[in-house]
Every structure is written in structure tokens, then in C-alpha cells.
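Report on one structure; see the data block that follows.
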């Protein structure tokens, strides 16, 4: 059941991104890394793979910086699933880009770590640089937690390597 849901959501996401890419307004990121990096017991640490979409047309320059919406999801090696949507800031220091983000989302534990709730919040800091025209390579560190709204709140710290491409 969960696999069918994941395939349906991924198919919908790909169609949506394809339509935006044809219009020249899609920023797609693929990432992989480690879920629950600081797992003291060692039983929940696993790999993760994800995809993220940002629409450059919705980019806003404000007093606090540049912001745009971000939507994505990842799956872990233990079949945990996290789908999110939120906001990402962008600050440039020469060729270096610092990209903090905040995104609430839906979490399903699968065979992995029980984070205590289906509603979880992801805070992330990403540091990247342009490697080719319209392509970026970055490292990110994120924390997922339910703000003590769930039955438990163990949280999860994650790290990823990201590759982004503007279409």
C-alpha cells in the first residue's frame, strides 16, 4: 500500500515538474545522505534519498532576504517516508550560498524510527556553490522534530549531499 502511494506521489510530482520545466521555471534537487546521524543506539541510522522542487518564479526579495517555497520528500533505507512543503531563504557570500529552510510535513515511520507524530517539522541549513551554469552542489544538515506535540519527540538529525539543476 505504501509503495503504491509513493509511486503515485512520485509520478504526480514528476508530471508537475515536467510541465514546469517545459515553461523554464523548475529548480530540481536530488539528494542522498544519512538519516539519524546522531543515533546513540545505532539501530535507526540509515541512508536516505530525496527529491526537492523550487519554483524560481515565486522567488521573493524581502527586507529579511530572498525567499521561495520548497516542496519535496525523502525515503530512508528503512522505508520511512517524509513529505514536506515550506520556505527556503537564500543568502549569498560571493560564490557561496547559504540556504536555511523550514518545512512542516507528513512522516510515516515504516520500519524505521518512530518520531512520535505524523506531523513533523524540518529545519535545515544548506551551504552550496554553483558548479556549472544553472547547477549547484551543496551540503545540508537538517533536524526533524514534532515540537513535543506527539507521543514522544526523539527527533532526527540528518545530513545530505544535494545536486540542484535549474530547467
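The values are calculated or read from the model by the stated rules, or taken from the named source; none is laboratory data. Not measured: the values here are computed from a predicted model. All Cβ positions, glycine included, derive from the backbone under ideal geometry; neighbour counts span all protein chains shown.
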So is residue 51 within 13 Å of the chain's Cα centre (by Cα), closer than 21 Å to residue 159 by Cα and at pLDDT below 95 or not?
-> yes
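Considering only residues that are farther than 16 Å from residue 78 by Cα and surrounded by 13 or more Cβ atoms within 10 Å (Cβ to Cβ), which ones fall in the stretch 23-37? Can you show your working first?
Residues of the stretch 23-37 farther than 16 Å from residue 78 by Cα: 23-31.
Those that are farther than 16 Å from residue 78 by Cα and surrounded by 13 or more Cβ atoms within 10 Å (Cβ to Cβ): 25, 26, 27, 28, 29, 30, 31.
Output the residues belonging to the stretch 39-57 that are part of a loop (DSSP other than H, G, I, E, B) and surrounded by 13 or more Cβ atoms within 10 Å (Cβ to Cβ). Before the answer, list the steps.
First pass over the stretch 39-57, keeping only residues part of a loop (DSSP other than H, G, I, E, B): 39-45, 55.
Correct list: 39, 44, 45, 55.
Please go through the stretch 40-58 and pick out each residue that is farther than 17 Å from residue 161 by Cβ and touching a residue at least 24 places away in the same chain (Cβ under 8 Å). I'd like the intermediate steps shown before the answer.
Filtering the stretch 40-58 down to residues farther than 17 Å from residue 161 by Cβ leaves 40-44, 53-58.
Answer for the stretch 40-58, where residues must be farther than 17 Å from residue 161 by Cβ and touching a residue at least 24 places away in the same chain (Cβ under 8 Å): 44, 53, 54, 55, 56, 57.
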Condition check for residue 73: part of a loop (DSSP other than H, G, I, E, B) and in contact with a helix residue (DSSP H, G or I) (Cβ under 9 Å, 6 or more places away or on another chain) | no
